[in-house]
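In what follows, a structure is listed as structure tokens, so that the remarks can point back to it.
Read-outs: derived from the displayed coordinates by stated rules, not from any lab. Note that the structure is predicted; figures quoted are calculated from it, not measured. Cβ atoms come from the backbone with ideal geometry, glycine included; neighbour counts cover every protein chain shown.
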Amino acid sequence: MSNFFFYADTYVIKLVLATMVVFLGSEFMAIFPIFTNFEKNGENVKRHIVPIWEITGTVVVYFVVELELIYSYLVPVASYLFIPLIGAFILLLILRNVAIIYAEFLWKHKKYHAISNSNLYKGYSVATFIMMILFITGVLSLMYGKGIHLSPAVYMDYMPLLSTYNYWLFLLGTLFITYGLSTVFYRTINIKSYIPLVTVIAGLILSTAGLAKIAIIDRVPSSDLYLLIIPAILTILIPVLYMNKKTTNLASYKPFFFVLMVFAVFTIEVPVMYIAGGAFPVSAFQSAPSMLAFNFYMSILGGIIFLLFMAMYAYVYSNNPVKSGTSDKKSHN
């Protein structure tokens, strides 16, 4: 029975991780419209960011709690391995929260011109952008394995990962995908433009090539790598829908985007059952059976509550009188 709870919890935490990646990614994408033209895109960006940034923080905490309950023997080791990344991530999380909170209080006096709404949102987006890069680096380094030292001191040497082209292929591909999706998500480009589709396809080619190499090193079965076709199709679907007038609104409809992308990221995570370049199965770090059972039932309860609140978010978003849209002639925010 303990095996049932372990594998069930494993899929639960992967679903939570996928949700965290997508929510954080939706904010990660905001750096493009914020820095290209905040005056034009600012209101549209804030319409998404303001109601969602606290949910993103909650999902991050949810993931950490799941990690502690399911892989309690991994957490102490990971804490030592990723001390610099964890420290920087927490610091940036605080800075982004402070920036967006204070962005709601505008200093209109000329004396405080430097502390403007625009600059605060730029600070927030930079912090979120770096947080996502750190998170990607941490996950890939744990999969790649090279650079992990467990004796006599526990630490991570990131140079083996940073010196491989696979890491940079994946990172560059991720940036291409992010930019392509951001133009759809924040409605910043003409619907007739092929830029979203082209950049997403280019990004998928680069990131898939890099991730596949790292996954093979981490002993992901070659047959399971074909699962990458599913997230690739789902990701391409978004700019394709955007280019069709009848489905443009659906493509940039936030609840639809979240559901589609969570499933896509979850599909990528499913085959990963080893860490440290295939040196350890994740089952080697599982918690006691009682903790696994407790987490399973609590995750069901927490998942139901989360889904109810997301349904409320979808309802409020759908009935918001402030509509954003992009015609075939020009963009509106």
Given a Förster distance of 56 Å, the FRET efficiency implied by the Cβ-Cβ spacing of Leu172 and Phe294, rounded to the nearest 0.05, works out to 0.85
Just from its helices, what would the mean residue ellipticity at 222 nm be for the chain, if runs of 4 or more DSSP H residues each count -39500 (n - 2.57) and the sum is divided by every residue, rounded to the nearest 500 deg cm²/dmol?
-24000 deg cm²/dmol
Between Tyr73 and Ile205, with labels modelled 7 Å along Cα→Cβ, what's the label distance in nm to one decimal, could you check?
4.5 nm
Residues with amide H under 5 Å from that of Phe280, placed H, sequence gap 5 or more:
Ile275
Considering only Cα-Cα distances, which of the following residue pairs are longer than 31 Å: Lys14/Lys192; Lys14/Lys46; Lys14/Lys245?
Lys14/Lys192; Lys14/Lys245
For the range 42-163, size of Cβ-based charge dipole, Lys and Arg +1, Asp and Glu -1, in debye:
640 debye
Report, in debye and to the nearest 20, how large the dipole of the range 2-318 comes out about its Cα centre when Lys and Arg carry +1 and Asp and Glu carry -1 on their Cβ.
1120 debye
From the C-alpha gyration tensor of the range 2-318, pull out the three semi-axes of the equivalent ellipsoid (sqrt of 5λ each), sorted largest to smallest, in whole Å.
32, 23, 21
Contour minus end-to-end for Val61 and Leu150, with contour as 0.36 nm per residue of separation and end-to-end as the Cα-Cα distance?
29.4 nm
